[in-house]
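The values are calculated or read from the model by the stated rules, or taken from the named source; none is laboratory data. Only a predicted model underlies this, so the values are computations on that prediction, with no experimental measurement involved. Cβ atoms come from the backbone with ideal geometry, glycine included; neighbour counts cover every protein chain shown. Accessible surface areas use protein heavy atoms only, side chains included; no ligands, DNA or RNA. Shrake-Rupley method; radii C 1.70, N 1.55, O 1.52, S 1.80 Å.
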Amino acid sequence: MLLTLTTTHRPATDLGYLLVKHPDRVQSFNLPAGTAHFFYPEADAARCTAALLVDIDPQRLGAGRGRGRRQAATPESFTLGQYVNDRAYAASSLLSSALSTVFRSALRGESRDRPELAGTAIPLEVRVPVLRCRGGADLAVRLFAPLGWTVTATPVPLDEQHPDWGDSRYVDLLLTGTVRVADTLNHLYVLLPVLDDAKHYWVAPDEIDKLLRAGAGWLGDHPERGLITRRYLAHRRALAEQAMARLAELRLADEPPADDSVDETEPTAEKDSRRASLAVRRRGAVLAALAASGASRVLDLGCGGGALLTALVADRRYTEIGGTDVSIHALSMAARRLRLDRLPERQRDRVRLWQSALTYRDDRLRGWDAAVLMEVIEHLDPPRLPALEDAVFGHARPGTVVLTTPNVEYNVRYEGLGAGGFRHPDHRFEWTRAEFADWVEGVAARYGYAATISGIGDDDPEVGAPTQLAVLTRKDETPR
Ligand code: SAH
(Lines give C-alpha, C1' and ligand atoms only; values in the text may rest on other atoms or scores of the structure.)
Protein backbone atom coordinates (compact mmCIF):
# COMPACT_ATOMS: atom_id res chain seq x y z
CA MET A 1 0.00 0.00 0.00
CA LEU A 2 1.22 3.42 -0.89
CA LEU A 3 0.84 7.00 0.27
CA THR A 4 2.55 10.01 -1.26
CA LEU A 5 2.87 13.55 0.05
CA THR A 6 3.92 16.31 -2.34
CA THR A 7 4.66 19.96 -1.73
CA THR A 8 5.38 22.87 -4.06
CA HIS A 9 6.40 25.12 -1.18
CA ARG A 10 9.80 26.61 -2.04
CA PRO A 11 12.32 25.22 -1.43
CA ALA A 12 10.25 22.04 -1.66
CA THR A 13 13.09 19.97 -0.22
CA ASP A 14 12.30 21.59 3.16
CA LEU A 15 9.74 18.78 3.34
CA GLY A 16 12.68 16.66 4.46
CA TYR A 17 13.08 18.82 7.57
CA LEU A 18 9.36 18.72 8.32
CA LEU A 19 9.16 14.95 8.01
CA VAL A 20 12.54 14.65 9.74
CA LYS A 21 13.75 12.42 6.89
CA HIS A 22 16.73 13.17 4.71
CA PRO A 23 15.85 13.56 1.00
CA ASP A 24 18.81 11.45 -0.15
CA ARG A 25 18.11 8.37 1.86
CA VAL A 26 15.79 5.40 1.57
CA GLN A 27 14.79 4.19 5.03
CA SER A 28 13.04 1.05 6.18
CA PHE A 29 11.11 0.50 9.38
CA ASN A 30 10.12 -2.76 10.94
CA LEU A 31 6.41 -3.02 11.67
CA PRO A 32 4.60 -5.74 13.60
CA ALA A 33 3.09 -7.04 10.37
CA GLY A 34 5.63 -6.09 7.74
CA THR A 35 8.03 -3.37 6.64
CA ALA A 36 7.57 0.31 5.82
CA HIS A 37 9.85 1.88 3.22
CA PHE A 38 10.23 5.62 3.04
CA PHE A 39 11.80 7.49 0.12
CA TYR A 40 11.51 10.54 -2.12
CA PRO A 41 10.59 9.73 -5.76
CA GLU A 42 11.26 13.41 -6.59
CA ALA A 43 13.08 16.09 -4.63
CA ASP A 44 14.06 19.42 -6.09
CA ALA A 45 13.51 23.03 -5.09
CA ALA A 46 10.19 23.31 -6.97
CA ARG A 47 8.54 20.04 -6.06
CA CYS A 48 9.23 17.33 -3.56
CA THR A 49 7.33 14.09 -3.06
CA ALA A 50 7.71 11.77 -0.10
CA ALA A 51 6.46 8.21 -0.43
CA LEU A 52 5.55 5.68 2.19
CA LEU A 53 5.30 2.13 0.92
CA VAL A 54 4.09 -0.47 3.35
CA ASP A 55 4.83 -4.08 2.65
CA ILE A 56 2.58 -6.36 4.66
CA ASP A 57 3.31 -9.98 5.33
CA PRO A 58 -0.13 -11.64 5.50
CA GLN A 59 1.23 -14.52 7.57
CA ARG A 60 2.68 -12.23 10.21
CA LEU A 61 -0.61 -10.38 10.24
CA GLY A 62 -2.43 -13.62 10.93
CA ALA A 63 0.08 -14.65 13.60
CA GLY A 64 -0.87 -11.66 15.70
CA ARG A 65 -4.22 -13.25 16.39
CA GLY A 66 -5.00 -15.68 19.10
CA ARG A 67 -2.63 -14.06 21.55
CA GLY A 68 -5.43 -12.71 23.65
CA ARG A 69 -6.28 -10.18 20.97
CA ARG A 70 -9.83 -10.44 19.83
CA GLN A 71 -10.72 -9.03 16.47
CA ALA A 72 -13.71 -7.89 14.53
CA ALA A 73 -14.71 -10.01 11.56
CA THR A 74 -12.14 -8.73 9.09
CA PRO A 75 -11.31 -10.71 5.97
CA GLU A 76 -8.32 -12.28 7.69
CA SER A 77 -10.51 -13.73 10.41
CA PHE A 78 -11.22 -16.61 8.08
CA THR A 79 -8.55 -19.19 7.65
CA LEU A 80 -8.13 -18.68 3.95
CA GLY A 81 -8.67 -14.98 4.42
CA GLN A 82 -5.42 -14.88 6.31
CA TYR A 83 -3.58 -15.53 3.09
CA VAL A 84 -5.92 -14.24 0.45
CA ASN A 85 -6.95 -10.71 1.32
CA ASP A 86 -6.41 -7.12 0.34
CA ARG A 87 -4.42 -6.14 3.40
CA ALA A 88 -1.14 -6.04 1.55
CA TYR A 89 -2.41 -3.68 -1.12
CA ALA A 90 -5.14 -1.43 0.15
CA ALA A 91 -4.53 1.43 2.56
CA SER A 92 -6.13 0.75 5.91
CA SER A 93 -5.48 1.00 9.61
CA LEU A 94 -2.16 -0.73 8.91
CA LEU A 95 -1.06 2.33 6.98
CA SER A 96 -2.10 4.49 9.88
CA SER A 97 0.07 2.45 12.26
CA ALA A 98 2.96 2.81 9.84
CA LEU A 99 2.45 6.60 9.81
CA SER A 100 2.78 6.75 13.56
CA THR A 101 5.97 4.70 13.49
CA VAL A 102 7.67 6.49 10.62
CA PHE A 103 6.61 10.08 11.38
CA ARG A 104 6.73 10.09 15.16
CA SER A 105 8.11 13.61 15.59
CA ALA A 106 6.48 15.09 12.47
CA LEU A 107 3.07 14.07 13.86
CA ARG A 108 3.85 16.15 16.92
CA GLY A 109 4.75 19.12 14.73
CA GLU A 110 8.36 19.02 15.82
CA SER A 111 11.08 20.10 13.45
CA ARG A 112 14.40 21.09 14.96
CA ASP A 113 15.64 22.72 11.78
CA ARG A 114 12.47 24.39 10.51
CA PRO A 115 10.34 25.16 13.60
CA GLU A 116 8.58 28.14 11.99
CA LEU A 117 7.74 26.20 8.84
CA ALA A 118 6.43 23.31 10.91
CA GLY A 119 3.84 25.73 12.26
CA THR A 120 2.96 27.08 8.82
CA ALA A 121 0.35 25.83 6.35
CA ILE A 122 2.04 24.95 3.05
CA PRO A 123 0.66 23.73 -0.29
CA LEU A 124 0.33 19.96 -0.13
CA GLU A 125 -1.01 17.10 -2.19
CA VAL A 126 -1.72 13.73 -0.64
CA ARG A 127 -2.42 10.67 -2.74
CA VAL A 128 -3.55 7.26 -1.59
CA PRO A 129 -4.11 5.33 -4.82
CA VAL A 130 -5.96 2.42 -3.23
CA LEU A 131 -7.90 3.14 -0.07
CA ARG A 132 -10.51 0.91 1.46
CA CYS A 133 -13.47 3.18 1.88
CA ARG A 134 -16.58 1.82 3.52
CA GLY A 135 -19.34 4.29 2.75
CA GLY A 136 -18.06 5.23 -0.67
CA ALA A 137 -16.24 8.17 -2.17
CA ASP A 138 -18.80 10.55 -0.76
CA LEU A 139 -17.76 9.74 2.80
CA ALA A 140 -14.13 10.55 1.99
CA VAL A 141 -15.31 14.02 0.92
CA ARG A 142 -17.40 14.48 4.09
CA LEU A 143 -14.41 13.59 6.26
CA PHE A 144 -11.61 15.55 4.58
CA ALA A 145 -13.37 18.59 3.08
CA PRO A 146 -14.24 20.23 6.44
CA LEU A 147 -10.51 20.17 7.27
CA GLY A 148 -9.66 22.44 4.35
CA TRP A 149 -8.89 19.77 1.76
CA THR A 150 -10.10 19.71 -1.79
CA VAL A 151 -11.02 16.07 -2.17
CA THR A 152 -11.03 13.96 -5.30
CA ALA A 153 -12.11 10.44 -4.45
CA THR A 154 -12.43 8.31 -7.53
CA PRO A 155 -14.08 4.92 -7.05
CA VAL A 156 -11.90 2.12 -8.33
CA PRO A 157 -13.97 -0.14 -10.64
CA LEU A 158 -14.32 -3.77 -9.57
CA ASP A 159 -12.95 -4.92 -12.88
CA GLU A 160 -11.70 -2.57 -15.54
CA GLN A 161 -12.79 -5.03 -18.26
CA HIS A 162 -16.34 -5.13 -16.89
CA PRO A 163 -17.50 -1.62 -16.03
CA ASP A 164 -21.04 -2.97 -15.64
CA TRP A 165 -19.93 -4.90 -12.56
CA GLY A 166 -19.81 -1.59 -10.76
CA ASP A 167 -17.33 -0.14 -8.34
CA SER A 168 -15.20 -1.88 -5.78
CA ARG A 169 -15.01 -0.77 -2.16
CA TYR A 170 -11.78 1.08 -2.92
CA VAL A 171 -11.19 4.66 -3.91
CA ASP A 172 -8.24 6.51 -5.35
CA LEU A 173 -7.91 9.44 -2.97
CA LEU A 174 -6.32 12.78 -3.84
CA LEU A 175 -6.27 15.63 -1.32
CA THR A 176 -5.00 19.10 -2.17
CA GLY A 177 -4.82 22.02 0.20
CA THR A 178 -2.70 24.44 2.17
CA VAL A 179 -2.30 22.74 5.49
CA ARG A 180 0.40 22.23 8.11
CA VAL A 181 2.33 18.98 7.63
CA ALA A 182 1.66 17.86 11.22
CA ASP A 183 -2.08 18.47 10.79
CA THR A 184 -2.03 16.55 7.50
CA LEU A 185 -0.39 13.54 9.12
CA ASN A 186 -2.84 13.63 12.03
CA HIS A 187 -5.81 13.87 9.66
CA LEU A 188 -4.57 10.79 7.82
CA TYR A 189 -3.64 8.94 10.98
CA VAL A 190 -7.22 9.22 12.23
CA LEU A 191 -9.27 9.20 9.05
CA LEU A 192 -7.65 6.37 7.04
CA PRO A 193 -8.73 3.73 9.57
CA VAL A 194 -12.10 5.46 9.91
CA LEU A 195 -12.70 5.03 6.18
CA ASP A 196 -11.40 1.48 6.29
CA ASP A 197 -13.67 0.74 9.28
CA ALA A 198 -12.01 -2.58 10.06
CA LYS A 199 -9.18 -2.13 12.51
CA HIS A 200 -6.56 -4.82 12.32
CA TYR A 201 -6.04 -4.84 16.06
CA TRP A 202 -8.06 -4.94 19.23
CA VAL A 203 -9.14 -1.49 20.32
CA ALA A 204 -8.25 -0.85 23.95
CA PRO A 205 -9.37 2.12 26.06
CA ASP A 206 -6.03 3.91 25.49
CA GLU A 207 -7.20 4.43 21.92
CA ILE A 208 -9.35 7.27 23.24
CA ASP A 209 -6.22 9.14 24.28
CA LYS A 210 -4.63 8.48 20.91
CA LEU A 211 -7.73 9.77 19.13
CA LEU A 212 -8.01 12.93 21.22
CA ARG A 213 -4.30 13.67 20.88
CA ALA A 214 -4.29 13.20 17.12
CA GLY A 215 -7.61 15.05 16.83
CA ALA A 216 -6.45 18.05 18.90
CA GLY A 217 -7.58 21.28 17.29
CA TRP A 218 -9.79 19.78 14.56
CA LEU A 219 -11.87 16.83 15.70
CA GLY A 220 -13.96 18.78 18.24
CA ASP A 221 -15.58 20.93 15.56
CA HIS A 222 -15.72 18.33 12.82
CA PRO A 223 -19.30 17.86 11.57
CA GLU A 224 -18.70 14.08 11.39
CA ARG A 225 -17.02 13.78 14.79
CA GLY A 226 -19.66 11.27 15.92
CA LEU A 227 -19.01 8.90 13.03
CA ILE A 228 -15.26 9.40 13.27
CA THR A 229 -15.25 8.60 16.97
CA ARG A 230 -17.47 5.52 16.61
CA ARG A 231 -15.50 4.04 13.76
CA TYR A 232 -12.09 4.93 15.18
CA LEU A 233 -13.03 3.13 18.36
CA ALA A 234 -14.24 0.13 16.38
CA HIS A 235 -17.90 0.68 17.34
CA ARG A 236 -17.26 0.02 21.01
CA ARG A 237 -20.09 2.07 22.35
CA ALA A 238 -18.84 2.76 25.86
CA LEU A 239 -15.51 3.99 24.51
CA ALA A 240 -17.15 6.15 21.87
CA GLU A 241 -19.44 7.77 24.45
CA GLN A 242 -16.52 8.50 26.74
CA ALA A 243 -14.55 9.99 23.87
CA MET A 244 -17.47 12.20 22.81
CA ALA A 245 -17.89 13.47 26.38
CA ARG A 246 -14.21 14.34 26.60
CA LEU A 247 -14.34 16.04 23.22
CA ALA A 248 -17.27 18.18 24.34
CA GLU A 249 -15.33 19.18 27.44
CA LEU A 250 -12.31 20.18 25.38
CA ARG A 251 -14.48 22.27 23.08
CA LEU A 252 -15.89 24.19 26.05
CA ALA A 253 -12.39 25.01 27.23
CA ASP A 254 -11.47 26.05 23.75
CA GLU A 255 -13.14 29.42 23.75
CA PRO A 256 -10.63 31.91 22.51
CA PRO A 257 -8.61 33.59 25.25
CA ALA A 258 -8.16 37.32 25.35
CA ASP A 259 -4.89 37.09 23.48
CA ASP A 260 -3.73 38.01 20.01
CA SER A 261 -5.92 41.04 20.26
CA VAL A 262 -4.60 42.80 17.22
CA ASP A 263 -6.78 43.68 14.25
CA GLU A 264 -9.91 42.60 16.07
CA THR A 265 -11.88 45.31 14.31
CA GLU A 266 -10.79 44.72 10.75
CA PRO A 267 -13.39 43.77 8.16
CA THR A 268 -13.74 40.01 8.35
CA ALA A 269 -12.61 39.25 4.80
CA GLU A 270 -9.20 40.73 5.43
CA LYS A 271 -9.15 40.14 9.12
CA ASP A 272 -7.90 36.60 9.29
CA SER A 273 -4.97 36.88 6.95
CA ARG A 274 -3.81 40.27 8.24
CA ARG A 275 -4.30 39.25 11.81
CA ALA A 276 -2.31 36.10 11.23
CA SER A 277 0.41 37.97 9.45
CA LEU A 278 0.85 40.63 12.15
CA ALA A 279 0.77 38.00 14.91
CA VAL A 280 3.34 35.95 13.01
CA ARG A 281 5.57 38.97 12.39
CA ARG A 282 5.35 40.01 16.01
CA ARG A 283 6.34 36.55 17.15
CA GLY A 284 9.18 36.55 14.61
CA ALA A 285 10.46 39.92 15.87
CA VAL A 286 10.34 38.77 19.51
CA LEU A 287 12.16 35.53 18.65
CA ALA A 288 14.81 37.50 16.74
CA ALA A 289 15.35 39.82 19.73
CA LEU A 290 15.66 36.85 22.06
CA ALA A 291 18.12 35.12 19.75
CA ALA A 292 20.20 38.31 19.50
CA SER A 293 20.33 38.55 23.29
CA GLY A 294 22.03 35.16 23.49
CA ALA A 295 19.59 34.02 26.17
CA SER A 296 19.09 30.34 26.79
CA ARG A 297 16.73 30.49 29.78
CA VAL A 298 13.65 32.50 28.90
CA LEU A 299 10.35 33.48 30.48
CA ASP A 300 7.15 34.31 28.62
CA LEU A 301 5.21 36.52 31.05
CA GLY A 302 1.49 36.65 30.28
CA CYS A 303 1.99 33.77 27.86
CA GLY A 304 -1.72 33.51 26.96
CA GLY A 305 -2.54 30.51 24.76
CA GLY A 306 1.14 29.66 24.30
CA ALA A 307 1.82 30.64 20.68
CA LEU A 308 5.27 31.98 21.52
CA LEU A 309 6.04 29.11 23.91
CA THR A 310 5.45 26.65 21.07
CA ALA A 311 8.12 28.35 18.98
CA LEU A 312 10.51 28.51 21.95
CA VAL A 313 10.12 24.82 22.67
CA ALA A 314 10.89 24.01 19.04
CA ASP A 315 14.19 25.90 19.28
CA ARG A 316 16.94 23.96 21.00
CA ARG A 317 18.96 27.02 21.95
CA TYR A 318 16.41 27.54 24.75
CA THR A 319 17.36 25.12 27.47
CA GLU A 320 14.79 26.30 30.00
CA ILE A 321 11.44 27.90 29.23
CA GLY A 322 9.00 29.35 31.73
CA GLY A 323 5.46 30.49 30.94
CA THR A 324 3.28 32.41 33.37
CA ASP A 325 -0.16 33.91 33.19
CA VAL A 326 -2.74 35.12 35.66
CA SER A 327 -5.39 33.09 33.86
CA ILE A 328 -5.58 29.36 34.53
CA HIS A 329 -7.65 28.99 31.41
CA ALA A 330 -4.84 30.50 29.33
CA LEU A 331 -2.30 28.19 30.99
CA SER A 332 -4.31 25.08 30.28
CA MET A 333 -4.69 26.13 26.66
CA ALA A 334 -0.95 26.66 26.47
CA ALA A 335 -0.28 23.23 27.99
CA ARG A 336 -2.58 21.67 25.44
CA ARG A 337 -1.11 23.59 22.54
CA LEU A 338 2.38 22.53 23.60
CA ARG A 339 1.13 18.97 23.84
CA LEU A 340 3.20 18.65 26.96
CA ASP A 341 1.83 15.18 27.55
CA ARG A 342 3.20 14.06 24.18
CA LEU A 343 6.66 15.51 24.50
CA PRO A 344 9.48 13.14 25.36
CA GLU A 345 10.53 13.51 28.97
CA ARG A 346 13.73 15.42 28.21
CA GLN A 347 11.81 17.98 26.15
CA ARG A 348 9.05 18.26 28.72
CA ASP A 349 11.54 18.98 31.48
CA ARG A 350 12.65 22.13 29.66
CA VAL A 351 9.23 23.74 30.09
CA ARG A 352 7.48 24.99 33.20
CA LEU A 353 4.12 26.75 33.32
CA TRP A 354 2.71 28.40 36.40
CA GLN A 355 0.08 30.87 37.47
CA SER A 356 1.43 34.19 38.57
CA ALA A 357 0.19 37.79 38.61
CA LEU A 358 2.66 40.28 37.23
CA THR A 359 1.67 42.85 39.80
CA TYR A 360 3.23 40.83 42.64
CA ARG A 361 6.83 39.85 43.29
CA ASP A 362 7.44 36.19 42.47
CA ASP A 363 10.80 34.62 43.38
CA ARG A 364 10.38 32.03 40.66
CA LEU A 365 10.88 34.83 38.12
CA ARG A 366 14.39 35.56 39.40
CA GLY A 367 17.58 34.39 37.72
CA TRP A 368 16.38 34.09 34.10
CA ASP A 369 18.37 35.34 31.08
CA ALA A 370 15.44 36.99 29.36
CA ALA A 371 11.73 37.69 29.78
CA VAL A 372 9.08 38.49 27.19
CA LEU A 373 6.04 40.70 27.79
CA MET A 374 4.25 40.34 24.47
CA GLU A 375 0.98 42.30 24.24
CA VAL A 376 0.55 42.21 28.01
CA ILE A 377 1.05 45.62 29.64
CA GLU A 378 -2.00 47.14 27.93
CA HIS A 379 -4.16 44.60 29.83
CA LEU A 380 -3.26 46.23 33.17
CA ASP A 381 -4.95 49.27 34.66
CA PRO A 382 -2.43 52.12 34.40
CA PRO A 383 -2.25 52.57 38.20
CA ARG A 384 -1.06 48.92 38.44
CA LEU A 385 1.84 49.44 36.04
CA PRO A 386 4.34 50.51 38.74
CA ALA A 387 3.65 47.21 40.51
CA LEU A 388 4.52 45.32 37.28
CA GLU A 389 7.65 47.43 36.88
CA ASP A 390 8.73 46.53 40.39
CA ALA A 391 7.96 42.83 39.96
CA VAL A 392 9.69 42.49 36.57
CA PHE A 393 12.49 45.10 36.46
CA GLY A 394 13.01 45.51 40.19
CA HIS A 395 12.62 41.97 41.56
CA ALA A 396 12.94 39.42 38.72
CA ARG A 397 15.61 41.49 36.91
CA PRO A 398 16.20 39.31 33.81
CA GLY A 399 19.21 40.23 31.65
CA THR A 400 16.92 41.19 28.77
CA VAL A 401 13.25 42.18 28.59
CA VAL A 402 11.50 42.04 25.21
CA LEU A 403 8.22 43.93 25.31
CA THR A 404 5.51 44.69 22.73
CA THR A 405 2.34 46.77 22.83
CA PRO A 406 0.00 48.32 20.22
CA ASN A 407 0.76 51.67 18.64
CA VAL A 408 -2.55 53.55 19.08
CA GLU A 409 -1.67 56.02 16.32
CA TYR A 410 -1.94 53.18 13.81
CA ASN A 411 -5.58 52.51 14.74
CA VAL A 412 -6.81 55.05 12.15
CA ARG A 413 -5.63 52.56 9.52
CA TYR A 414 -8.11 49.97 10.79
CA GLU A 415 -11.47 50.40 9.16
CA GLY A 416 -14.34 50.09 11.54
CA LEU A 417 -12.32 51.10 14.60
CA GLY A 418 -14.10 54.23 15.81
CA ALA A 419 -12.14 57.23 17.00
CA GLY A 420 -10.68 56.53 20.43
CA GLY A 421 -11.48 52.80 20.14
CA PHE A 422 -8.99 50.17 21.24
CA ARG A 423 -8.11 46.99 19.39
CA HIS A 424 -9.46 44.70 22.06
CA PRO A 425 -12.18 45.16 24.69
CA ASP A 426 -9.79 44.09 27.47
CA HIS A 427 -7.20 46.76 26.66
CA ARG A 428 -7.01 49.33 29.45
CA PHE A 429 -4.91 51.70 27.37
CA GLU A 430 -3.06 51.92 24.09
CA TRP A 431 -0.12 54.28 23.72
CA THR A 432 1.23 56.61 21.07
CA ARG A 433 4.86 56.21 20.12
CA ALA A 434 5.77 59.18 22.32
CA GLU A 435 3.89 57.78 25.34
CA PHE A 436 5.56 54.39 24.92
CA ALA A 437 9.05 55.90 24.55
CA ASP A 438 8.43 57.99 27.63
CA TRP A 439 7.46 55.00 29.73
CA VAL A 440 10.28 52.76 28.41
CA GLU A 441 12.91 55.44 29.06
CA GLY A 442 11.55 56.05 32.56
CA VAL A 443 11.67 52.33 33.42
CA ALA A 444 15.17 51.98 31.95
CA ALA A 445 16.47 54.91 33.98
CA ARG A 446 14.79 53.85 37.23
CA TYR A 447 15.91 50.20 37.09
CA GLY A 448 19.31 50.37 35.38
CA TYR A 449 18.48 49.06 31.88
CA ALA A 450 19.45 50.30 28.41
CA ALA A 451 16.55 50.42 25.94
CA THR A 452 16.04 50.34 22.19
CA ILE A 453 12.64 50.95 20.62
CA SER A 454 11.40 49.93 17.16
CA GLY A 455 8.24 48.91 15.29
CA ILE A 456 6.77 45.64 14.01
CA GLY A 457 4.66 45.40 10.86
CA ASP A 458 4.45 47.76 7.88
CA ASP A 459 5.84 51.13 8.83
CA ASP A 460 3.32 53.80 7.85
CA PRO A 461 5.04 57.13 7.08
CA GLU A 462 2.48 59.05 9.11
CA VAL A 463 1.41 56.83 11.98
CA GLY A 464 4.26 54.33 12.27
CA ALA A 465 4.07 50.55 12.59
CA PRO A 466 1.07 48.74 14.13
CA THR A 467 3.08 47.21 16.99
CA GLN A 468 5.75 48.83 19.17
CA LEU A 469 8.76 46.83 20.38
CA ALA A 470 11.19 47.65 23.17
CA VAL A 471 14.27 45.63 24.11
CA LEU A 472 15.69 46.48 27.52
CA THR A 473 19.11 45.18 28.57
CA ARG A 474 20.24 45.13 32.18
CA LYS A 475 23.34 47.27 32.68
CA ASP A 476 24.83 45.75 35.81
CA GLU A 477 25.79 42.10 35.80
CA THR A 478 24.95 41.35 39.41
CA PRO A 479 21.24 41.16 40.23
CA ARG A 480 20.18 43.56 42.95
N1 SAH B 1 1.57 37.07 25.31
C2 SAH B 1 0.43 36.44 24.68
C3 SAH B 1 -0.90 36.83 25.32
C4 SAH B 1 -1.25 38.29 25.28
S5 SAH B 1 -2.86 38.62 25.93
C6 SAH B 1 0.40 36.77 23.21
O7 SAH B 1 1.03 37.71 22.77
O8 SAH B 1 -0.26 36.05 22.46
C9 SAH B 1 -2.50 39.18 27.53
C10 SAH B 1 -2.27 38.07 28.52
O11 SAH B 1 -1.83 38.69 29.73
C12 SAH B 1 -3.53 37.30 28.84
O13 SAH B 1 -3.27 35.93 28.71
C14 SAH B 1 -3.82 37.68 30.28
O15 SAH B 1 -4.39 36.61 31.03
C16 SAH B 1 -2.45 38.04 30.80
N17 SAH B 1 -2.49 38.97 31.91
C18 SAH B 1 -3.25 40.06 32.04
N19 SAH B 1 -3.01 40.66 33.21
C20 SAH B 1 -2.07 39.93 33.84
C21 SAH B 1 -1.41 40.02 35.11
N22 SAH B 1 -1.67 40.99 35.94
N23 SAH B 1 -0.51 39.08 35.42
C24 SAH B 1 -0.22 38.08 34.56
N25 SAH B 1 -0.80 37.93 33.37
C26 SAH B 1 -1.73 38.85 33.02
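Annotation for the range 130-191: trypsin sites (Lys or Arg not before Pro) lying in DSSP loop with at most 15 further Cβ atoms inside 10 Å of their Cβ are ARG134. Applying 1/(1 + (r/R0)^6) with R0 = 41 Å to the Cβ-Cβ distance of ARG10 and THR35 gives a FRET efficiency near 0.80. Restricting the chymotrypsin sites (Phe, Trp or Tyr not before Pro) of the range 292-385 to loop positions (DSSP other than H, G, I, E, B) with no more than 16 neighbouring Cβ atoms within 10 Å leaves TYR360. Accessible surface calculations at 1.4 Å, restricted to protein heavy atoms, place the chain at 46 Å² per residue. With the simple spin-label model, which puts each label point 7 Å out from Cα in the Cβ direction, the ARG142 to ALA291 separation comes to 4.6 nm.
Once neighbouring chains are kept in place and the probe is 1.4 Å, which whole percent of the accessible area of the range 257-474 is contributed by carbon and sulfur?
That fraction is 51 percent.
Take every pair of alpha-carbon atoms less than 8 Å apart whose residues are at least six positions apart; their mean separation over the length of the range 257-474 yields a relative contact order of 21 percent.
Each label was represented as a point 7 Å from its Cα along the Cα-to-Cβ direction; for GLU320 and ASP426 these points are 2.8 nm apart. Net length available on complete extension from GLU241 to LYS210 is 9.6 nm, with 0.36 nm assigned per residue and the Cα-Cα distance removed. Once the convex hull of all Cα atoms in the chain is built, its volume per residue stands at 170 Å³.
Distance between the 7 Å Cα→Cβ label points at GLN27 and GLU441: 5.5 nm. For the range 420-450 versus the range 135-171, the spacing of their alpha-carbon centroids is 58 Å. Compared with the dominant principal axis of the Cα atoms in the chain, helix 328-338 is inclined by about 50°. Of all DSSP beta bridges confined to the chain, the antiparallel ones make up roughly 75%. Restricting the range 427-480 to chymotrypsin sites (Phe, Trp or Tyr not before Pro) that sit in a DSSP loop and have at most 15 other Cβ atoms within 10 Å of their own Cβ leaves nothing.
The tail of the calculated P(r) for the range 257-474 beyond 26 Å holds 32 percent of all Cα-Cα pairs.
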